[in-house]
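Have a look at the structure below, then the notes.
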């Protein structure tokens, strides 16, 4: 029974992750295309470290820029989707362990999820 | 160099890096970061941030394939992820406070370790029964994997030592933008005594979650540049998936020798340039 639930859930999560990666790659590709069409011939300097502007660091700024079809924001949105895929995997594992009534692992997985969310939503060490 | 030329160069290099990383089991990061930093002179922080994202892409993209054969041990992965994610956030925070030259030196040392690791023989798959670890029993870490003659059960040992090593692996992942595959294999194969097949697929499961923890820190600090990350992700992912598909048909011994040689050269270059303050 346990093996069956584990396997089915994992299969589902595997499909979800693949879909997430596909969406992410599509957004990154689209953003790269837009950027290359607009700026492909310009010179770029990546030796000098400047740090990204505020609009490319937070979720709100990235989403706003992506809807305005800015290439950089579209890429960054795709990268956010990519980062979200392992987080979704952990979140679904909480559900899987809950359905199996495995209390220890509901707690273990919630701890991992909390660490991930704290990192993504800006609780800085 | 124009933006288009740079994009294509980074893309092609990442494709090769992902391919080699998958074939040797070391992951694309160990090649992508030196390529960007040494050859294309990209700032090390951008290189590390982009590499972290490619690590996530490879892990999530390969997940569906690994799940099908039922080899990974989800409980071991989840329990150890407490250590790797905390370590990863620590490593990513450290990356902001130390000079990039020092990061390069640490990277060089880790590369040398990885080259050494890739040449060693795989450990014995199964050991006769020894007393089980009571922590492993309490946490239900013992598992089994499918084989020709039915499932093979195994016991997990030395849980605290494995947990500690995983925190270090997470820290290096956050600092250097790599999957830390070599160190994870040491922790799971050699210390916790998981069978090789279980440990490598479980490690793939963990790598994406670990990298996601540090990617949050990199994003907020402005170390994720879309123009560097885009060609890296678009290159490493197809490279790694092709490499994983070819893996069963390759003669890995020869390949490992070549790859260990390449990595050693990259390691020496990273050490030299880091120590002389050029990175």
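Computed over the alpha carbons of segment B:18-105, Rg followed by Dmax gives 15.1, 43 Å.
Axis angle, to the nearest 10 degrees, between helix B:74-97 and the longest C-alpha principal axis of chain B: 30 degrees. Taking the Cα atoms of segment B:3-275, the ratio Rg/Rh between the radius of gyration and the Kirkwood radius comes to 0.97. Mind checking the angle between helix B:159-176 and chain B's longest principal axis? C-alpha axes, 0 to 90 degrees, to the nearest 10. Roughly 10 degrees between the two axes. Globularity index of segment B:219-276 is 1.56 (Cα radius of gyration / 2.2 N^0.38 Å, N = number of residues). Using C-alpha pairs below 8 Å separated by at least 6 residues, the relative contact order for segment B:3-275 is 42 percent.
For chain B, find the longest principal axis of its Cα atoms and tell me its angle to the long axis of helix B:226-246, 0 to 90°, nearest 10. Once rounded, the angle reads 40 degrees. For the protein assembly as shown, the pair-distance distribution built from all alpha carbon pairs, in bins 10 Å wide starting at 0, is 5, 24, 35, 24, 9, 2, 0 percent.
Starting from one equal scatterer on each C-alpha and no solvent at all, send me the Debye-based log10 I(q)/I(0) for segment A:57-125 at q = 0.14 Å⁻¹, two decimals. Here the Debye-derived log intensity ratios amount to -0.54.
Approximating the spin labels as points 7 Å out from Cα along Cα→Cβ, the residue B:254-to-residue B:119 distance works out to 1.9 nm. Stokes-Einstein diffusion for chain A, with the hydrodynamic radius set to the Kirkwood value over Cα pairs and evaluated at 37 °C in a medium of 0.692 mPa s, equals 195 µm²/s.
A short reminder: the numbers here are calculations on the coordinates, not readings from a lab. Given the structure is predicted, the values throughout are model-derived calculations rather than measurements. Every residue, glycine as well, gets a Cβ built from its backbone with ideal geometry; the counts of neighbours run over all protein chains shown.
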